[in-house]
Amino acid sequence: MKHFLQLFFGITLIAFFSLEVNSQEETILISPEKDNSIFQVTEEFSNGMGSEIYTGTINLGLRWIRRGLIQFNFSDIPEGSTITEVSLEMYCTKASASGTDMNYNLHRLEKSWGESSSNASNGQGTPAEPGDATWIFRFFDEVSPILWIDDGGEFVASSSATLAVNDANAYYTWTSNQLKDDVQDMLDNPDLNFGWIIRADDETIQGLGRAFASRENPDEDLRPVLTVSYIDVSAVNNASQSEMYYVYPNPGKDKITIVHNSTALDRKYQIIDVSGRIVEEGKLATRSEIINTASLDAGCYFVRFPNSSMTTIKWV
């Protein structure tokens, strides 16, 4: 049995490192296509070209809510790619001095909106210019404005990512599986790419406003950046190898995704523990198959494709 395990590990590690070289995973850094801020008071104010994005509730005697809007263009990612990881990094330029911790959420927007030439020098906004988004308008115009159906923006009720933002002069990074799924859907359906709204988790608490550097901030290092990792499926399909398989995330936890270019009719997979025992197996019905691994104990496993020339991938 000992000799079998030594041989098994030797074969699998060779296959694993071979796949790493040709996995076709790429990472791209994307700057915002547009961003803006909308203000509950005054509801026709905006901040399209300002150096900061304003969020949270400020204390001016009333609960004045502010929300940020941000959108990215994914045209530089090859069509049909599989998104593996997404994170949004933003720099907090101002934080209210109350000292209370507050989560800030990203919610996927459901309607288009505008960024024009309004430029506020503070967190109270400035009168919108034609084409700007405001609290009540998706696109402000004195003659024929386009309104939000719901004041304050139309967005998915559940958040795509949540993060505590407590201190100014610090970078913050949102990431989640839902954020990844958002980008996958925006890539696959560009007409549904409206970006995200940034809002405080509890907008009833006064004095917890935050400001973030916008895409117009004079310091380029402080501007928002969306980092997207993806597998170019077309490159995998055109690879010189007869078959290629990729498993992510690695390490993983509750689920993994297997991406492949196999044309075989009987595409099987097996998950094997370090003792050589098959703990999970099945068939790959699609080119990008999600496998539930929540029942597996933490440890090192190997994903094997018994009908493939690319036999085994190490997975933690």
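The numbers here are math on the coordinates, done by the rules we state, and not lab data. Being a predicted model, the structure only gives us computed values, none of them experimental. Note that we place each Cβ from the backbone using ideal geometry, even for glycine, and neighbour counts take in every protein chain shown.
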Using the Cα gyration tensor of segment 59-169, the equivalent ellipsoid's semi-axes, largest first and to the nearest Å, work out to 25, 24, 14
The convex hull of the Cα atoms of segment 170-227, divided by residue count, gives a volume in Å³ per residue of 131
Of the convex hull drawn through the C-alpha atoms of segment 156-285, the volume per residue in Å³ is 221
In nm, the gap between the two label points placed 7 Å beyond Cα toward Cβ at T227 and L29 is 0.9
For segment 123-235, averaging the sequence separation of alpha carbon pairs under 8 Å that lie six or more residues apart and dividing by its residue count, the contact order in percent is 11
Kirkwood Rh over alpha-carbon pairs of segment 110-214 plugged into Stokes-Einstein at 25 °C, 0.890 mPa s gives a D in µm²/s of 155
For S112, placing the label point 7 angstrom along Cα-to-beta-carbon and taking segment 179-218, residues whose amide nitrogen sits under 16 Å are 189-196
Between K283 and N177, the two model label points (7 Å from Cα along the beta-carbon direction) sit apart by a distance in nm of 2.5
For segment 101-143 the mean separation of alpha carbon contacts under 8 Å (6+ apart) over residue count, i.e. relative contact order in percent, is 30
